[in-house]
Amino acid sequence: MTPLLSTCRQSAAQALRLFAVLMLVTGLAYPLLVTGLAQLVFPQAANGSLVTVNGRAVGSRLIGQSFTDPGYFWGRPSATAGQPYNGLGSGGSNLGPAHPDLQAAVAARIRALRAADPGNTAPVPADLVTASASGLDPHLSPAAARWQALRVARVRGLAPQRVLALIEMHTERPLLGILGDPVVNVLALNLALDAAAGS
């Protein structure tokens, strides 16, 4: 065996051993460690921040859902591929504000909101007619929730003040009072609405 061939075989054997070690560390040990720590320290978040009612998962606090019944608060529109709020097809429409397709979609959404609540003449908040960048946003601005409050109260037979109080109770404030904007989780608000209507 020539010295060159011997050196090549040694280098190949070393490379294979290194590959095996790195595969075990990065492909097995590290994912198991991170998964175990996440389950220990943040089990709710590690499992998708699922919301359960009577032991049954009804959604996630992190992914929006399509609510179309006038007795519920409607979330932001979704531009995900295949179907609304499709976690496997996350993404926006990527249409610019002057694009005719986006303008037509916004106009159609405004018409649908007006048709569901003909007496509401207030300007429609932008987040009720435009999708977020991910298409999965589970939140609304408090203004967008309040815009729908009279419709929801009327359909549910609840006092408007009670519905507005639910919005206030479910408004999440900015982190440290400065990071971000106040938001309302639509699923949590609708579940509270169901509970209020049931009582």
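The values are calculated or read from the model by the stated rules, or taken from the named source; none is laboratory data. Only a predicted model underlies this, so the values are computations on that prediction, with no experimental measurement involved. Note that each Cβ is placed from the backbone with ideal geometry, even for glycine, and that neighbours are counted across all protein chains shown. Accessible surface areas use protein heavy atoms only, side chains included; no ligands, DNA or RNA. Shrake-Rupley method; radii C 1.70, N 1.55, O 1.52, S 1.80 Å.
Data for the structure
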| quantity | calculated |
| --- | --- |
| With DNA, RNA and ligands ignored, accessible area of H99 (1.4 Å probe; Å², nearest 10) | 70 Å² |
| Between 0 and 90°, nearest 10: helix 142-156 axis offset from the chain longest Cα axis | 60 degrees |
| Spin-label model distance (nm) - L88 vs R154, 7 Å beyond Cα toward Cβ | 4.0 nm |
| Full-stretch length increase - V25, M169 - with 0.36 nm per residue and alpha-carbon distance subtracted | 47.2 nm |
| Helix 3-24 axis, angle to the chain major axis (alpha carbon atoms, nearest 10°) | 30 degrees |
| Within the range 74-161, trypsin sites (Lys or Arg not before Pro) in DSSP loop having at most 13 other beta-carbon neighbours inside 10 Å | none |
| Normalised contact order of the chain, rounded percent, pairs of Cα under 8 Å and 6 or more residues apart | 19 percent |
| Mean-position separation - Cα centroids, the range 68-105 and the range 161-194, in angstrom | 22 Å |
| Label corresponding to Cα Rg over 2.2 N^0.38 Å when calculated from the structure given, among (i) 1.52; (ii) 1.20; (iii) 1.38 | (i) |
| Rg in Å to one decimal, and Dmax rounded to a whole Å, for the range 108-173 via C-alpha atoms | 12.4, 35 |
| A115-V53 FRET efficiency (beta carbon distance; Förster radius 35 Å; 0.05 resolution) | 0.70 |
| Spin-label pair I178/Q10, simplified geometry with 7 Å Cα→Cβ offset, distance in nm | 6.1 nm |
